[in-house]
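Visitor: Pasting a structure below so you can have a look.
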């Protein structure tokens, strides 16, 4: 088992795990100083490509962005989402997981659970592919965005789903949009770490889409806290740049190359 994965598992019940998404080297390099886990999420479909859902992002897209992120990650555990349609069958899942890991040198891949996906997960782990699970609201398979586990019956069904994923060999599991009761129930009754997104503080760790957290995406459900308003900062900087260009203040003499070095 990867030493970074071991560290993640050992943090359960000891210290909270911190995770954020990244799609480029520049952002990943910053996050690497603070995060336990950096996820190259298929959320890039929404964030970078302006798509309404994550269904059309390709394996090639995931690989290319993960290659960039890998250049900025030295300490954190690097996990890459397997996009929708890339793991419909066990043989297909193994082939594509191997492609992702070989080309990007990531530490693990993540699968969204759906019906009998835990069998695919088990097959991958059996073939030495480290896997992070994902239950609750799974954007690849569910159209309706809603809080899950609102009744005790639903919460216990989610617990059984989590246990199947644990037994299949996942080293951790994302809980997305679960009630605090369901998140607490699952976290207390499985041995692998739970990473929450919109699923209360009872989880062993938290993950957010970085662009949401920084105030760039325009998508701010209740579970997202904006820690910055980069949209305003970027707009202000662009406005200043535009003004300087129009007033011929940029480039100034000090910005001219004149045969000197670029930096």
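Visitor: For the range 102-125, which positions are modelled with pLDDT of 95 or more, out of contact with any helix residue (DSSP H, G or I) (no Cβ under 9 Å at 6 or more places or on another chain) and surrounded by fewer than 19 Cβ atoms within 10 Å (Cβ to Cβ)?
Guide: 102
Visitor: Just to be sure I understand, how many residues within the range 47-74 are under 22 Å from residue 211 (Cβ atoms) and either in contact with a strand residue (DSSP E or B) (Cβ under 7 Å, 6 or more places away or on another chain) or not in a helix (DSSP H, G or I) (or both)?
Guide: 17
Visitor: Further, regarding this structure: Does residue 128 count as at pLDDT 95 or above, surrounded by fewer than 24 Cβ atoms within 10 Å (Cβ to Cβ) and assigned to a loop (DSSP other than H, G, I, E, B)?
Guide: Details: at pLDDT 95 or above: yes; surrounded by fewer than 24 Cβ atoms within 10 Å (Cβ to Cβ): yes; assigned to a loop (DSSP other than H, G, I, E, B): yes.
It is true that residue 128 is at pLDDT 95 or above, surrounded by fewer than 24 Cβ atoms within 10 Å (Cβ to Cβ) and assigned to a loop (DSSP other than H, G, I, E, B).
Visitor: Count, please, the residues in the range 167-198 that happen to be crowded, with 20+ Cβ neighbours inside 10 Å and not in a loop (DSSP other than H, G, I, E, B).
Guide: Residues in the range 167-198 being crowded, with 20+ Cβ neighbours inside 10 Å and not in a loop (DSSP other than H, G, I, E, B): 16 in total.
Visitor: Okay, next question. Identify the residue in the range 146-162 that is in contact (Cβ under 8 Å) with a residue 12 or more places away in the chain and over 17 Å from residue 112 (Cβ atoms) and, among all such residues, is nearest to the chain's Cα centre (by Cα).
Guide: Of all residues in the range 146-162, those in contact (Cβ under 8 Å) with a residue 12 or more places away in the chain come to 146-150, 152, 154-156, 158-159, 161-162.
Next, only the ones that are over 17 Å from residue 112 (Cβ atoms) stay: 147, 150, 152, 154-156, 159.
Details: 147: 19, 150: 25, 152: 28, 154: 25, 155: 24, 156: 25, 159: 22 Å.
Result: 147.
Visitor: From the list 160, 154, pick out the single residue that is in a helix (DSSP H, G or I) and touching a strand residue (DSSP E or B) at 6+ places or on another chain (Cβ under 9 Å).
Guide: 154
Visitor: Right, here's the next one. I want to confirm something. Restricting to the range 199-239 and keeping residues that are in a helix (DSSP H, G or I) and exposed (fewer than 12 other Cβ atoms within 10 Å of the Cβ), which single residue is farthest from the chain's Cα centre (by Cα)?
Guide: Filtering the range 199-239 for residues that are in a helix (DSSP H, G or I) and exposed (fewer than 12 other Cβ atoms within 10 Å of the Cβ), the one farthest from the chain's Cα centre (by Cα) comes out as 239.
Visitor: Just to check your reading of the model, which residue among 23, 34 is touching a helix residue (DSSP H, G or I) at 6+ places or on another chain (Cβ under 7 Å) and either assigned to a loop (DSSP other than H, G, I, E, B) or within 19 Å of residue 129 (Cα to Cα) (or both)?
Guide: On the way: 34 fails: touching a helix residue (DSSP H, G or I) at 6+ places or on another chain (Cβ under 7 Å).
Within the list 23, 34, the selection yields 23.
Visitor: Here's a follow-up. If a residue must be more than 25 Å from residue 209 (Cα to Cα) and surrounded by 14 or more Cβ atoms within 10 Å (Cβ to Cβ), how many such residues does the range 79-91 contain?
Guide: Residues flagged as more than 25 Å from residue 209 (Cα to Cα) and surrounded by 14 or more Cβ atoms within 10 Å (Cβ to Cβ) within the range 79-91 amount to 1.
The values are calculated or read from the model by the stated rules, or taken from the named source; none is laboratory data. None of these values were measured; they are calculated from a predicted model. All Cβ positions, even for glycine, are placed from backbone atoms using ideal geometry, and neighbour counts span all protein chains on display.
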